[in-house]
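The values are calculated or read from the model by the stated rules, or taken from the named source; none is laboratory data. In this text, all values refer to a predicted model and were calculated from it rather than measured experimentally. Virtual Cβ from ideal backbone geometry, glycine too; neighbours counted across all protein chains shown.
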Amino acid sequence: MTVLDDPPVTPSPPANPRAARLVTPVRALALLVAVAAVAAAFFGVRWSLALGDSSLELARERDAVLIDAQQAAINLNSLDFNHVDAGLDLWEQTSTGPLLDEFRANRAQYSKVVTDSKRVTTATVADAAVAELDVRAGTARVLIGVDVKVVPQGQDPVVTRQRLQLEMTRTDAGWKASRLAPVKSPTS
């Protein structure tokens with residue numbers, strides 16, 4: 001008796017060739033899980049790299065010094081003759097170093113000038129930019145455009161534009177003004 005080898009079995013094509021390529025819910029879910037895993041890995045790596053980026057610290061400090069400098073410019077250019085002591089207290093709270101020393105040394109003189117002038121000044125910041133920032137040293141230079149509304153008692157208000165350069169110093173209480181100087185235009 002001879003043993004006949006069975007002929008090889010070839011799979012028969014599906015009755016509908018398009019059926020083999022149809023996206024089933026299981027296949028769609030598997031694809032979505034794979035795409036989500038790749039996206040999570042990519043963004044996870046990017047996030048971990050950003051955590052160690054020193055430019056983020058620099059950006060945070062720049063924003064902090066800019067906000068504090070703008071407030072300092074408002075505080076140092078706003079004063080009401082009816083509430084001189086409160087205004088001069090704010091000047092001292094806003095400043096440090098040589099500027100604070102100057103305010104303390106001349107406080108009585110400033111108080112007399114403001115009281116005698118019978119004026120109210122209110123400042124608003126028109127524009128500001130950090131020109132220099134040394135995070136390690138805790139120093140910065142900020143350029144600020146300030147509109148100061150001056151209202152002498154019984155007179156119409158006058159608005160003047162001032163350009164200032166504030167040197168800021170980081171303290172335990174935040175950034176404070178240590179020097180203040182007007183910025184002159186080339187024609188003045």
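Is one or more of the residues making up segment 127-149 in a helix (DSSP H, G or I), assigned by TED's automatic domain parsing to the domain that holds R163 and either over 20 Å from R60 (Cα atoms) or not aliphatic (A, V, I, L, M) (or both)?
Checked segment 127-149: no residue is in a helix (DSSP H, G or I), assigned by TED's automatic domain parsing to the domain that holds R163 and either over 20 Å from R60 (Cα atoms) or not aliphatic (A, V, I, L, M) (or both).
Need the failing condition index for V183 against (1) surrounded by 15 or more Cβ atoms within 10 Å (Cβ to Cβ); (2) closer than 18 Å to I74 by Cα; (3) touching a residue at least 24 places away in the same chain (Cβ under 8 Å); (4) out of contact with any Gly (no Cβ under 6 Å at 6 or more places or on another chain), just the number.
(1)
Tell me whether segment 49-59 contains one or more residues that are farther than 25 Å from A173 by Cα, touching a helix residue (DSSP H, G or I) at 6+ places or on another chain (Cβ under 9 Å) and part of a helix (DSSP H, G or I).
Yes, segment 49-59 has at least one match.
Exactly one condition in (1) modelled with pLDDT of 95 or more; (2) touching a strand residue (DSSP E or B) at 6+ places or on another chain (Cβ under 8 Å) is not met by L58; state its number.
Among (1) modelled with pLDDT of 95 or more; (2) touching a strand residue (DSSP E or B) at 6+ places or on another chain (Cβ under 8 Å), L58 violates only (1).
Between V120, V84, which is touching a strand residue (DSSP E or B) at 6+ places or on another chain (Cβ under 6 Å) and either assigned by TED's automatic domain parsing to the domain that holds T160 or aromatic (F, W, Y) (or both)?
V120
Filter segment 75-108 down to the residues that are free of Cβ contacts under 8 Å to residues at least 40 places away in the same chain, out of contact with any helix residue (DSSP H, G or I) (no Cβ under 9 Å at 6 or more places or on another chain) and among the small types (G, A, S) and list them by number.
Hits for segment 75-108 are A86, A105, A108.
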